[in-house]
1. Simple spin-label model, 7 Å along Cα-to-Cβ: residue 54 to residue 103 in nm?
2. Going Cα to Cα from residue 22, which lysines come in below 21 Å? Please leave out same-chain ones fewer than 8 positions away.
3. Could you give log10 I(q)/I(0) at q = 0.21 Å⁻¹ for region 2-118, computed by the Debye formula over C-alpha point scatterers of equal weight, without solvent?
4. Among 15, 151, 172, 119, which comes first, second and so on when ranked by fewest other beta-carbon atoms within 10 Å?
5. Across region 67-75, in residue order, what do the Karplus-derived ³J(HN,Hα) couplings come to in whole Hz, using 6.51 cos²θ - 1.76 cosθ + 1.60 with θ = phi - 60° and x for Gly and Pro?
6. Looking only at Cα atoms, what is the convex hull volume of region 173-290 per residue, in Å³?
7. Which angle between 0 and 90 degrees, to the nearest 10, do you get for helix 303-319 versus the longest principal axis of the chain when only C-alpha atoms count?
8. Rounded to the nearest 10 degrees, what's the angle between the helix 34-44 long axis and the longest principal axis of the chain, both from Cα atoms, 0 to 90?
Amino acid sequence: MRVCVVGHGMMGERHSVSLRRKGCHLQTLVGRRAEPTEAFARRHGYANWALDALEAVTSPLVDVVIIAGPSATHAEMALAAIAAKKHVLIEIPIAMSLADAERVVQAGEAAGVAVGVVHPMRFKSVFRDLAQRIAASEEHLCQVQTRMMMHRLVNIGSTGYRRSWTDNLLWHHMAHILDLALWLGGGGDTALALSQLADFQSVEAARRPLRDLPMDVLIQGRLGEHTLFSCAGSYQNKLAVTDMTIATDREAYAVDGRANVVTTSAGRIDIDDEEHDNASLVWNFIDALNSGEAPGVTGRSVLPTMQLLQRVQDGWDARNPDICEAAGASR
């Protein structure tokens, strides 16, 4: 497989390492500035590097495009690659709106190419095994509480690299934990979980002067009669937190995504870290292309999550019309 990777931040780094270990041919790296892009490409053994993303993702020398650039460009890059009959693996989020996400999924299906999305929590063994037990009715989910909190008031990513773009709590980090809640709630089937949604509400708060984006978000709801979920995210928390507390009719699971441990009634168990989960997802995507099977996280499977994120965004926009007008005027 000849691969083009768009972006060389933290996820570009992780994907490059995973692809090389899988034996893929690293054909082209796409970046924004020549010097760091060339240096990264040389370090990881890419055959070529480029600054023109649209030209790179449509090149006849490329079979697969992995999109790990700014979130707002994901849909545009994916659609261009799909139009050129490339398989695409898109970093979370697949898009910054439900409409764009649906366009990407529909385009991929029409073109007959694979569209995968990087939702690594679905590849964490403790969650994967639990989803299988829920699907088999061996355990029944009672409640899921998830949190993802960090201090992100400036445009600097996890690697310390200053970004040219602004991250988005709702569409990026809340997508991780809301998708996990739905995926577990449906026993690995997010569409099933969405069909059982009975109650849903969200609360968002901004921070002056960064008033155009919600900086704290709480989403909660009920699936069917017996399952509650609550997802909390923040860009104002100086203590980085990624944790999940899951209660079933048989067991409780307290997962610390930073320390990489899960605590149950039987005690504490070490689990694989996020980097391992990301690698497993990438390897699964490549294996799926070779076998002709669907990847573990398809674009269509994340649309239920996107539907709920769009509901939250629409509510935020309706409650903050002045912010929406100002944001529209600045574009």
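Any read-out appearing in this document is the output of simple, stated calculations on the displayed coordinates, not a laboratory observation. Everything numeric in this text was worked out from a predicted model, so none of it was measured. Heads up, the Cβs are rebuilt from the backbone with ideal geometry, glycines too, and the neighbour counts pull from every protein chain shown.
1. 1.3
2. By straight Cα distance, residue 22 reaches 86, 124.
3. Evaluating at q = 0.21 Å⁻¹ gives log10 I(q)/I(0) of -1.10.
4. Values: 15 28, 151 12, 172 18, 119 24.
Going from least to most buried by this count: 151, 172, 119, 15.
5. Once rounded to whole Hz, the list reads 9, 9, x, x, 4, 5, 9, 4, 5.
6. Values: hull volume 18.1 nm³, N = 118.
Given the Cα convex hull of region 173-290, per-residue volume reads 153 Å³.
7. Here the helix axis deviates by roughly 80 degrees.
8. The helix 34-44 is inclined about 80 degrees to the chain.
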